[in-house]
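Working notes, structure below.
Readers should treat all values here as calculations from the given coordinates under stated rules, not as data from a laboratory. Bear in mind the structure is a predicted one, so any value in this text is a computation, not a measurement. Virtual Cβ from ideal backbone geometry, glycine too; neighbours counted across all protein chains shown.
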């Protein structure tokens, strides 16, 4: 895909850890080696991050494609290279890339 045809947003559906109901958010994303990376500027305070931490099974849409998979927080202490690369990709795409990184696969 050319940069102009890359979607700007990913639509993530998590299951609410309190309600058990699906919740969808629109969020910036980057892609690396077939995996998708989201950054939460609120860190673990973001409800969608709390949902992923408690129930890793998610679904998400990018453009016209829908995926089912899992999400996980990328620990910058355990995987500093991946964390830094995801942040750098976000900076290149959006001009911003600071926060908690979540990987979708």
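Take every pair of alpha-carbon atoms less than 8 Å apart whose residues are at least six positions apart; their mean separation over the length of segment 16-63 yields a relative contact order of 32 percent.
Relative contact order of segment 3-104: 29 percent, from C-alpha pairs under 8 Å at least 6 residues apart in sequence. Compute the separation of the alpha-carbon centres of segment 64-92 and segment 1-61 and state it in Å as a whole number. Distance between centres, Cα-based: 11 Å. Computed over the chain, the per-residue total of -39500 (n - 2.57) for DSSP H runs of n ≥ 4 gives a 222 nm mean residue ellipticity of -6500 deg cm²/dmol, rounded to 500. Take the Cα of residue 8, step 7 Å toward its Cβ, do the same at residue 96, and the gap between the two points is 1.2 nm. Highest average first, the peptides 81-90, 41-50 ordered by how many other beta carbon atoms sit within 10 Å of their residues are 81-90, 41-50.
The alpha-carbon positions of segment 1-97 define a convex hull whose volume is 103 Å³ per residue.
What's the extension gain from residue 65 to residue 21 if we count 0.36 nm per residue and subtract their Cα-Cα distance?
Taking 0.36 nm per residue and subtracting the Cα distance, the gain is 13.6 nm.
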